[in-house]
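Have a look at the structure below before the remarks.
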Amino acid sequence: MDYTKIRVLVTDGGARQTLTILHGLKKIGCQIVMCCTSKRDVGYASRLPDKKILDERFATSNEEWLSHMIEVIQEEKIDVLLPVAEMSTNMVTSNEDELKKYVRLACAPRSSYINAFDKQRTFELAAENDIPRPKTRRTGQTVEDYLETVEFPLIIKPRNGMGSIGFHKFEKREDFWPYVEEKGIDLDQYVLQEFVNYEKRLGTILFVDQKGNICMAYADEVLRWYPIDAGTASLIRSIDYPELIDYSSRLLKAMDWQGVAALSFMVDVDTQEPKLLEINGRIPASIRLSWQCGFNVAELLIQMAYGERVKVYPTNTRFGLCTRHFHGELLWFFKSKTRFTSKPSWFSWKNTKDAVWWRDDKKPWFAYSVQKLFGYKEFKKKRQH
């Protein structure tokens, strides 16, 4: 396969995980066209793209996005469209039939992606395949019937939401119905499940090809996160946990999954059992760790897009490697009461790489720093529960 003749349009110039994809594409020789909405985007600051297109319409999620994307694909003679972040992946898969008339897609098909986007469907598939999970209200089960079978605290979260928007925790039953009625919540559009008291957060990243083969898999532990109550990972470490990979593989195969998937688990304090939290069917922000483990996810995506045989990596044996989101870590340090006692030390960089800093491509780190400084208030608002 001659990668040098393949022209790839990469979305989400502002997402930190985009840098790992750019490095992967450049390593195999692809021509890269980068979609950006700001000159502060890491993709715009990076030296790796062959061309950068600056247009705010890339950030929309309506019909204008589709018409604009098709226009760019045709003008730039794009061979492959590779969506990175959640909104773009959702838009691409939602419009896959129309987009496939013009370009190959390097992402999961809509038929499997929607199973991960629909959290209720995810947990029902987990139940059918004996994957450990929080006790969740089933489709068709009345709310009162479910409430009779569980103990508080409980949580609700939109079954088709992004991030933590719409999440709410109920400490006692007396608070449940008044809140639901006050907010006018349709519980059929929410996942209702028991709250898992956890101290550890674990995850897996897998790549599944068109035939259901697991081509790449590794497990990780989230060591620190921000916001401290229930935020995004700021420090993760690769770990040896074959059972967790097995759970993930079984669930993805039940979904007929194709492409990259990131699964999150919480370790129940009482039972020490990992319980499924969610599946993300897009390229996760922590994907830099895959590069440290020796995996080129971008190459696998291009192979899948062309229907070629996808490279199968050996089982990961690189444990104890860390990916650090320094900007999140800095906020964690200011807020955490364990800033000086946390292990590994906040001041240590042993076996650690930053999610945004690349020695051969330094400018994105500084652009990202400015981007986050200006966007801090919006960042906090999005993560308020």
- Compute the projected area of the convex hull of the Cα atoms of the chain, averaged over all viewing directions, and report it in nm² to one decimal place. 19.0 nm²
- What full-extension length gain, to one decimal in nm, is calculated for T341 and R173 as 0.36 nm per residue of separation minus the Cα-Cα distance? 56.8 nm
- Figure the gain on full extension for L187 and R250 (residue separation times 0.36 nm, minus the Cα-Cα span) and round it to one decimal in nm. 19.8 nm
- Note on the structure: Beyond 31 Å (Cα-Cα) in this structure, taken from K77/K372; K5/K311; K52/K311; K5/K39; K100/K200; K51/K211, we find K77/K372; K100/K200; K51/K211
- Taking the convex hull of the alpha-carbon atoms of the range 198-354 and averaging its shadow over every direction gives an area in square nanometres of 9.2 nm²
- Task: Per DSSP H run of n ≥ 4, the term is -39500 (n - 2.57); total these for the chain, divide by its residue number, and report the mean residue ellipticity at 222 nm rounded to 500 deg cm²/dmol.
- Result: -9000 deg cm²/dmol
- Message: Could you tell me how many cubic angstrom of Cα convex hull volume the range 3-107 has per residue?
- Response: 84 Å³
- Size of electric dipole in the chain: Cβ of Lys, Arg +1 and of Asp, Glu -1, about Cα centre, debye, nearest 20: 1860 debye
- Item | Neighbour-limited loop hits for GluC sites (Glu not before Pro), the range 288-361 (at most 16 other Cβ within 10 Å; DSSP other than H, G, I, E, B) | E308
- In whole angstrom, how far apart do the alpha carbon centroids of the range 278-307 and the range 228-263 sit? 12 Å
- Message: Need one number: nm distance between label points at Y102 and D270, each 7 Å from Cα along Cα→Cβ, rounded to one decimal.
- Response: 5.3 nm
- Message: Tell me the relative contact order for the chain as a rounded percent, counting alpha carbon contacts under 8 Å between residues six or more apart.
- Response: 18 percent
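Just so you know, all these numbers are worked out from the coordinates, no wet-lab data involved. Just so you know, these numbers come straight off a predicted model, no measurement behind them. FYI the Cβ positions are ideal-geometry reconstructions off the backbone, even for glycines, and counts take in every protein chain you see.
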